[in-house]
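Participant: Below is a structure I'd like to ask you about.
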Amino acid sequence: MKITGADAYLCHFPLPEPFYPSWIPAFPQTNNSLLLMRITTDEGIEGVCAGIGFANEWKGFPDLIRVFLINRDPFQVEEAVKILRSAKVVGFRAWFIEIALWDIIGKATGQPIYRLLGGCRDRVKAYASTGELRGIERRVEDVQALLEQGFKGIKLRIRYPEMREDIALVEAVRAAVGDEVELMVDANQAWLIHGFGSYPVWDFKRALATARELEKLGVTWLEEPLRIRDYHGLAELRRATSLPIAGGELNEDLDDFRELIGRGCYDILQPDVTFSGGILMGRKIAAMAEAAHITYNPHTWTNGVGLAANLQLMGAIPNCTHCEFPYEPPGWVPEARDAMLTEPLWIDGDGYIKVPDKPGLGVEIDWDKVEAHSEKI
Ligand SMILES: [Mg+2]
């Protein structure tokens, strides 16, 4: 089989309401923006992938990647990994391209990807991952609405100027929901986006003091308390608290994860296959983590194609416990997050999300909708 083409669609799907992500302070996000690519082959099998966008920064990339992909065998995934590593030299972090090859491999073999890579589970416990910093009263109401919809766990953002505000929020939510509901908290300190509004920058002492308070509140994990490669600080923090420490969503490639695992930085690793190296890289990192008794719960906050790709990895690995389900109504809802799919992904009656079981990624693209909201480049 040979790759014959790579169609690229620069998409901007409108959100029903503006969404204010805590990780881009004071920025109203109005679109779900992404580069969607369709890789075609001489046998008529096609694979899709998608990488997040902000403005139109992907414009030159499709021409570059076509030069390197066309005429290659899509089953030679390690070749693609080398190409994508090379693309970083000229500034493109495009690991998501590798996902389209797995979509092709799955369709060619008639299997969902997770069954080709380990076949560990067909559904994963989901938690609702919220995204905004809201007032305490509103957040408590929102959390109650999420529980009514069937979620058994909720992730809160703690990124208020003062630590006491972070703790007050978690305390109020814990008091409202009781001890049974799993609460995760994300400080998003590993990659700070500068430019629109102010944000707190945590040091080791704030991270440790926060962790000690959260221990008492029975929090499931504290995510990204320190800088992305503060290996020393993360390892010290992990040793100093019984609270599980999570992170690694934007780390990438084997060397980086060798350090995070080898130095004992995290209890839970969260590489996202669209950012961190692709599905095969994710499978390798999962094995390294498994050997060190570390959990691997991927970050998924991108779009429906990215969520499906990470779900395929979750289905394949033994050391995954939870699936992040990005959901913050009224702005960030499944219909907008998964606008490129024929059907948005949702949870079952037990609060689990099914690993799509059709061949490849297991999801279908709504091409009419893609064409209506994109520019072909
Ligand atoms: Mg996170």
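Every read-out reported here was derived from the displayed coordinates using simple, explicitly stated rules and does not represent laboratory data. Model, not experiment: these values are computed from the prediction. Note: ideal-geometry Cβ built from the backbone for every residue, glycine included; neighbour counts use all protein chains shown.
Participant: Work out the length of the dipole vector of the stretch 265-377 about its Cα centre, built from +1 on the beta-carbon of each Lys and Arg and -1 on the beta-carbon of each Asp and Glu, and round it to the nearest 20 debye.
Facilitator: For this selection, approximately 420 debye.
Participant: On to the next question. Please report the spacing between the Cα centers of the stretch 117-160 and the stretch 1-73 in Å, no decimals.
Facilitator: The stretch 117-160 and the stretch 1-73 have Cα centres separated by 27 Å.
Participant: A further question follows. How do the peptides 364-371, 290-297, 310-317 rank, highest first, by the average count of neighbouring beta carbon atoms within 10 Å per residue?
Facilitator: Ranking, from highest mean packing down: 310-317, 290-297, 364-371.
Participant: Hey, rough spin-label estimate for Val77 and Asp368, points 7 angstrom out along Cα→Cβ, what's it come to in nanometres?
Facilitator: A separation of 3.4 nm, rounded to one decimal place.
Participant: May I pose another question? Using Cα positions and a limit of under 24 Å, work out the lysines in reach of Lys59, with same-chain residues fewer than 8 apart set aside.
Facilitator: Here the lysines satisfying the reach criterion relative to Lys59 are Lys82, Lys88, Lys369, Lys376.
Participant: Would you please state which residues of the stretch 41-63 a label at Thr342 would reach in this model, taking the label point 7 Å out along Cα→Cβ and a backbone N cut-off of under 15 Å?
Facilitator: Output list for this probe position: 46, 48.
Participant: Quote the FRET efficiency, to the nearest 0.05, computed for Arg93 versus Ile70 with a Förster distance R0 of 22 Å and r equal to the Cβ-Cβ distance.
Facilitator: The formula returns an efficiency of 0.55 here.
Participant: What number comes out for the charge environment of Tyr296, summing +1 per Lys or Arg and -1 per Asp or Glu over other residues with Cβ under 15 Å away?
Facilitator: With Lys, Arg at +1 and Asp, Glu at -1, the neighbours total -3.
Participant: I'd like to compare 19-25, 355-361, 123-129: which one has the highest average count of other Cβ atoms within 10 Å, and what's the full order after that?
Facilitator: Ranked from most to least packed, the peptides come out as 123-129, 355-361, 19-25.
Participant: Moving to a separate point now. Calculate the FRET efficiency for Gln144 and Arg212 from the Cβ-Cβ distance with a Förster distance of 35 Å, rounded to the nearest 0.05.
Facilitator: Once the sixth-power term is evaluated, E becomes 0.80.
Participant: Is there a quick way to get the dipole size of the stretch 182-290? I mean about its Cα centre, with the Cβ of Lys and Arg at +1 and of Asp and Glu at -1; what is the value in debye to the nearest 20?
Facilitator: About 300 debye.
Participant: Residue separation times 0.36 nm, minus the C-alpha to C-alpha distance between Asp203 and Glu259: what's the value?
Facilitator: Extending this stretch completely gives an extra 18.1 nm.
Participant: Right, something else. Report, in deg cm²/dmol and to the nearest 500, the calculated mean residue ellipticity at 222 nm for the chain, where each DSSP H run with n ≥ 4 adds -39500 (n - 2.57) and the sum is divided by the residue count.
Facilitator: It comes out at -10500 deg cm²/dmol, rounded to the nearest 500.
Participant: Could you order peptides 221-233, 144-156 by the average number of other Cβ atoms within 10 Å of their residues, highest first?
Facilitator: 221-233, 144-156
Participant: In addition: So what are the ³J(HN,Hα) numbers for the stretch 226-234, from phi and the Karplus equation (6.51, -1.76, 1.60; θ = phi - 60°), rounded to whole Hz, Gly and Pro as x?
Facilitator: With coefficients 6.51, -1.76 and 1.60, one gets 9, 4, 4, 10, 7, 4, 5, x, 5 Hz.
Participant: Among Gly91, Gly44, Phe196, whose Cα projects farthest towards the positive end of the dipole of the chain, with charges put on the beta-carbon of Lys, Arg (+1) and Asp, Glu (-1)?
Facilitator: Gly91
Participant: Leaving out same-chain residues fewer than 8 places away, which aspartates and glutamates sit with a Cα under 14 Å from that of Lys125?
Facilitator: Excluding near neighbours in sequence, the set is Glu182, Glu324, Asp348, Asp350.
Participant: Please report, in debye to the nearest 20, how large the charge dipole of the chain is about its Cα centre when each Lys and Arg carries +1 at its beta carbon and each Asp and Glu carries -1 there.
Facilitator: 820 debye
Participant: Between the stretch 304-344 and the stretch 205-223, how many Å separate their Cα centres?
Facilitator: A separation of 27 Å, based on Cα centres.
Participant: By how many nm would the segment from Arg239 to His194 grow when fully extended, if each residue of separation counts as 0.36 nm and the alpha-carbon distance is taken off?
Facilitator: 13.2 nm
Participant: Now for a different question. Picking from Pro112, Gly135, Phe151, whose Cα lies most toward the positive end of the charge dipole for the stretch 76-227 (charges on Cβ: Lys, Arg +1; Asp, Glu -1)?
Facilitator: Pro112
Participant: Rounded to the nearest 5, what is the percent of antiparallel bridges among the DSSP beta bridges in the chain?
Facilitator: Taking every DSSP beta bridge with both residues in the chain, the antiparallel ones total about 55 percent.
Participant: Still on this structure, I have one more. Placing +1 on the Cβ of each Lys and Arg and -1 on the Cβ of each Asp and Glu in the stretch 226-377, which of Ala291, Thr302, Ala372 has its Cα farthest towards the positive end of the resulting dipole?
Facilitator: Ala291
Participant: At 0.36 nm per residue, minus the direct Cα-Cα distance, what do Phe54 and Glu290 gain on full extension? Give it in nm, one decimal, please.
Facilitator: Gain on stretching Phe54 to Glu290: 81.5 nm.
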